[in-house]
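Report on one structure; see the data block that follows.
We did not get these values from a lab; they are worked out from the coordinates using the rules stated. If you're wondering where the values come from, they're calculated on a predicted model, not measured in any experiment. Counting neighbours? That spans all protein chains shown, and the Cβs are built from the backbone with ideal geometry, glycine included.
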Amino acid sequence: MMHPGLPAAWVETVLLAVLLLTAWVLRTPGYHAHSTPTISLANLPGMGSMVRAIVSQPWIQLALRLIMVGFFIMIIVSGLFGTPVPERNAATVLTWTLWWTGLIIAVYFTGSAWCAICPWDALATWLVRRRWWKRGNASSSMNLRVPKWMRSIWPALWMFVGLTWLELGVGITTNPYATALLAMLILVLTTASLAIFERKAFCRYFCSIGRTIGMYAELSPVAVRPVDYDICANCKTLECYHGTDEIEPCPTHLVMGRIKQNTYCTSCGACSQSCPYQNVAWRLRPTGTEAIRDVRPHWDAAWFILGLLSLTSFHGITMMPFWEQWVRSLAVVINDSGQLLTSFSIGMFVSMLVPVALYAGLIQIAYRIVGNSTEYKRLFSSLAITMLPLAFTYHIAHNLNHLLRESRGLSGVIFNPLGQGTLPLSVAETHFRHMNPLLSENVIFTLQAGLMLAGFWLAVRIMRSRITRLSADSLIQRMISIPVLFFLSSVTLFNLWLLMQPMIMRM
Amino acid sequence: MGKVILKIAGFFILSIGIAWALPAYAHHVLGRPAYSLNEDSNTPPSMEIETQVGKYYVSMMAFPAFPKPGQRGRVNLYAVRIDNGESYDGSVTFTAREDSWFGSEQEVLGTQPPDDRVYRQGFAFHKAGNYIVRAEFESDGEPYQVDFPVRIGSPVPVGPIGLTVGSLAVLLIGVNIFQRRRLQRIRASQYHAGKSSSKEST
């Protein structure tokens, strides 16, 4: 079953805007990022004291965690004991249609808040620390340091590649049983990590979901930050980092007074609960400020962003009708059988390789332009952040289709999570669902076009800021901006083309 | 600069033209079960799997999709060559075995000739569980095997739950024992260190 793609009129409008923006940026490539106004919710008149009370008390978070764990158990029970029909089972519908698609959209509005109520972490913490929320006994975990070679987000990137392979290749999104197995496997990994390594190594280094959220949260207009930076600057005790007798230390080794980017913040609330000055709360800032001004380039983070960009587009590619033709043709050539997983894996590898090779090649051109003033690796890492808005906005635009078209019938699944006595959707029902999304098609198309344009605009703003830091010479800035703009506009164009195509729905 | 902008604009226009020219086709996910209501009945659903094996494109269908223990069901198989679209016309042998991690006995369900190019095999499983029905045939001297999962009744999947709970229990108990021994070692070394320092002071 397929649904229509983005109409040509919208695509033309976005293309025109992209062209105009490109022309404008080529004229004035440099840009000095100025400080932008931010507002701490704790300072808002009327609701400030309420915000401080909420973030410093663990009860609300505990209640939300209990609710999420309830859903988690329901998903496992439904997956193992319920119907194998994916559209009738809570395991597949809640996990892939509602949570996995909605989560990416929610990151924009709530930053990394999901991690604070993550059921895997909640269950692992309760099992290992044997406390609902207070600081656990130090002897409950072996507290080993994570080996140096694993102290990066490479493990999370490989986990993300593996998850995508399972999702699109093996097809766990349409298999309730496999969905439940995956949920349990992640629980075992989370618990093992917490029992063996210090603090929450799984959240910081291994969790592909958390690191994806962390990366995207760099663009979010909300973040957990100090209410008053001066208080943090004068703080000598650093309860946020060390914790207190009652409250856990920061699970990802962050010091609130020095935090500049959301990448590793899990919004767990330990800092806001342990701060003796109640100086930590949610802060509002303009979209993308962090990526434009504060995010420091890192080699592993650059590769994670490249991975996000290629894998989000790959999600779109696999839902195109031509994808299976390619996989089948390749299977004939290499004599692949059954589910054609080898052919799929090769296709996935090539799909990931193309944007990487293109980016690496264009950075090579930029490197030659800059001369010996900077290293290739630094240039690669510095400019990789420009791709983040493109990955994020396409991810949201793509997920809107899943969320709004496949979520019909959610109430039926909630009231009958195991799908007992239900039948598969008939062709007519499936057609009705896909053609009657929760929001009107025109609204979806408008949002998708707006997202693509916003992504390009934000990417261009980040690029201008980055190249200004790389060189003060306006000619060199202009020269560097050409290959980078070519890459950004090519990706935008490709993602637009993907959105234009009739897309095959999962269930 | 104007030339650069013109070239970028040209690239966009060319690319969008190519995009519009590409046709769209229907889609089916290979190797994954699809549940549907079909012409056999408007109530019990059937399960279909389409797959590609060697030179053949194979389509298998089980009806009903979720038979109960003792209930009669049917598997249909249809195979066409990928290169010329000709349907397979030899015989197909159907076997069944339990889908378990540990090997189970395989039972021959029957060998079927084509019936209007479709191979139809009846079955009835008396015990609830997950089974694999395998279709085997030979073409151009090469053996072909296609597996098809059939779920009878509602088997209780204690395996994954047991494995998860068992792994967690082993892990937590193991860490606990390790930590206790480590603490004992630390206390013992502190005790000995304290003893030797008190001797030195006296």
If neighbour count is taken as other Cβ atoms inside 10 Å, put A:Ser310, A:Ser381, A:Ser426 in order from fewest to most. A:Ser426, A:Ser381, A:Ser310
Computed [θ] at 222 nm, helices only, for chain A once each DSSP H run of length n ≥ 4 contributes -39500 (n - 2.57): -19000 deg cm²/dmol
Within chain A, what's the longest stretch lacking chymotrypsin sites (Phe, Trp or Tyr not before Pro) that sit in DSSP loops with no more than 13 other Cβ atoms inside 10 Å? A:278-507
Expected unfolding gain across A:Arg135-A:Phe349 under the 0.36 nm per residue rule, minus the alpha-carbon gap, is 72.7 nm
Compute the distance in nm between two label points, each set 7 Å from the Cα along the Cα-to-Cβ direction, one at B:Val158 and one at B:Asp116. 4.6 nm
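Report the local net charge at A:Tyr367: Lys and Arg +1, Asp and Glu -1, summed over other residues whose C-beta lies under 12 Å from its C-beta.
Every neighbour counted, the sum reads +2.
Going by how many other beta carbons lie within 10 Å of each one, how would you line up B:Tyr57, B:Tyr88, fewest first?
Exposure proxy ranking, most exposed first: B:Tyr57, B:Tyr88.
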Is the shape of the protein assembly as shown rounded, prolate or oblate, going by the alpha carbon gyration tensor and its root eigenvalues a ≥ b ≥ c, with a/c under 1.5 for rounded and a/b larger than b/c for prolate? oblate
Can you put A:Leu451, A:Leu390 in order of Cβ neighbours within 10 angstrom, beginning with the fewest? A:Leu451, A:Leu390
Using Cα-Cα distances under 8 Å and only pairs 6 or more residues apart, what relative contact order does the range A:108-189 have, in percent? 25 percent
Relative contact order (percent, whole number), chain A, Cα cutoff 8 Å, 6+ residue spacing: 27 percent
Do the alpha carbons of any pairs in A:Lys134/A:Lys260; A:Lys236/A:Lys260; A:Lys148/A:Lys260; A:Lys236/B:Lys195 sit beyond 30 Å of each other, and which pairs? A:Lys236/B:Lys195
Please work through chain A and write down the cysteines that have no neighbouring cysteine Cβ at a distance under 4.7 Å. A:Cys115, A:Cys118, A:Cys203, A:Cys207, A:Cys232, A:Cys235, A:Cys250, A:Cys265, A:Cys268, A:Cys275
Need one number: nm distance between label points at A:Ala63 and A:Leu26, each 7 Å from Cα along Cα→Cβ, rounded to one decimal. 5.7 nm
Looks like the range A:1-154, by Cα gyration tensor root eigenvalues a ≥ b ≥ c and the a/c under 1.5 rounded cutoff (else prolate when a/b is bigger than b/c, oblate otherwise), is oblate
